[in-house]
Amino acid sequence: MTQSQKSIAVLPGDGIGPEVTHAAIDLLQDCASAFGHHFEFREYPFGGNAIDSCGEPLPKETLAGCRASDAILLGAIGGPKWEALPLGTRPEAGLLGIRKELGLYINLRPIRLRPALRGISPLRPERLADCDFEIVRELAGDIYFGEHKINAERASDLAEYSVAEIERVARYAFERAAARNRHLTSVDKANVLASSTLWRETVAGLSREYPSVKLDHLYVDNAAMQILLRPSQFDVILTGNMFGDILSDEAAALAGSIGLIPSLSRGRKDQPALYEPIHGSAPTLAGKDVACPLGAIFSATLMLRESFGMEVESQWIEAAVDRVLGQGYRTTDIAEPGSRVVRGSEFTAKIRSELQSAPVQSARRSSGA
Ligand code: IPM
Ligand code: MG
């Protein structure tokens, strides 16, 4: 086994961000000691707390620290304290800023049901079937980054895509699909929007380079319905920034809770990628030790897998999580009748003690040590 040294920039953020991020860091530390890696964590202000301490949501030193890292772990940002601020100065502007500055144009959101949690999905098991798909959301363009105008009478937001912007994210989605079940569904609104018409033509044109992947197109309204009717029909969904934001929350609810879903945001392969749970900062839960750390923990395992090539390590942690869930331990938001409801910190402690009893030696052997 090769032992690695990695530096991880940590942006805990606001609300429950710090507690869930620190749970993930604890597990990453356990992983480092078990497998002989060295992970160095450096924390930076970001979001609302950075507005308070530095006067801006994305301070320069935070950005520089992210650029110098091997990967970035982010908690969540925002809260009522900063809601009255003008749009471009709020914590969310920090998130959009970091995506833009680091060129993070790909956003991957894996929608996977943990076996022990099937019961908490709002869909009946027969409808749910084997729900396991990925959403590839374009992250650096669309209505998010087009010109925003507002005066007392009128406001507008420009939804814009270039061929190059569509192609670079679509290539990633085709490659993900080629490595999975070879089915890509591109989602747009090409019956109404010009940007979607270009989207559809560009994705269709690119599909000639990926003959092993079956490409379908769906209009976004239909896609929203199909995700609820028959989620098992999807393998990889490719969509733009705005539709991806909405569809990924819907899909996360199917997997049981938005609190469970991680994400990867990346640009060029040689640049650091950013990992974050897709949930928000949940200010009403903050500091009460009730938040579910799984979105952050699965973001950490996604980091191990996608940025560091540590598949075995990633599975070692995920298997421990599944065993703890299988024993019935849950935080409040993912509890069912009969669950053993524990606090967030107790839940993390259960996973850590499960890791201590896990067979690292055999995991090491299978990673080629
Ligand atoms: C997400 C969030 C962000 C987005 C907000 C906080 C700006 O909803 O990452 O999905 O809209 O992209
Ligand atoms: Mg969102």
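The values are calculated or read from the model by the stated rules, or taken from the named source; none is laboratory data. Here the structure is a predicted model, which means the values were calculated and not measured. Reconstructed Cβ throughout: ideal geometry from the backbone, glycine too, with neighbour counts over all protein chains shown. Ligands, DNA and RNA are excluded from the accessible area calculation, which covers all protein heavy atoms including side chains. Shrake-Rupley method; radii C 1.70, N 1.55, O 1.52, S 1.80 Å.
Points worth noting:
- Residue among Gly36, Gly47, Gly13 that is without any contact (Cβ under 8 Å) to a residue 40 or more places away in the chain and not hydrophobic (A, V, I, L, M, F, W, C): Gly36
- Just so you know, in region 263-280 the residues that are open to solvent by less than 10 Å² (accessible area, probe 1.4 Å) and either within 13 Å of ligand 2 (Cβ to nearest atom) or over 24 Å from Tyr144 (Cα atoms) (or both) include one that is farthest from the chain's Cα centre (by Cα), and it is Ser265.
- Within region 2-22, the residues that satisfy the criterion of being part of a helix (DSSP H, G or I), open to solvent by 10 Å² or more (accessible area, probe 1.4 Å) and not acidic (Asp, Glu) are Pro18, His22.
- Subset tally (residues that are under 23 Å from Glu160 (Cα atoms) and buried (at least 16 other Cβ atoms within 10 Å of the Cβ)) for region 176-192: 7
- Flag for Gly88 being closer than 30 Å to Met310 by Cβ and within 16 Å of ligand 1 (Cβ to nearest atom): no
- Scanning region 235-253 for residues that are away from ligand 1 (no atom under 16 Å from the Cβ) and surrounded by fewer than 24 Cβ atoms within 10 Å (Cβ to Cβ) returns a single hit, Asp235.
- Counting only residues that are within 14 Å of ligand 1 (Cβ to nearest atom), surrounded by fewer than 20 Cβ atoms within 10 Å (Cβ to Cβ) and of a type in the set (A, V, I, L, M, F, W, C), region 94-131 holds 1 of them.
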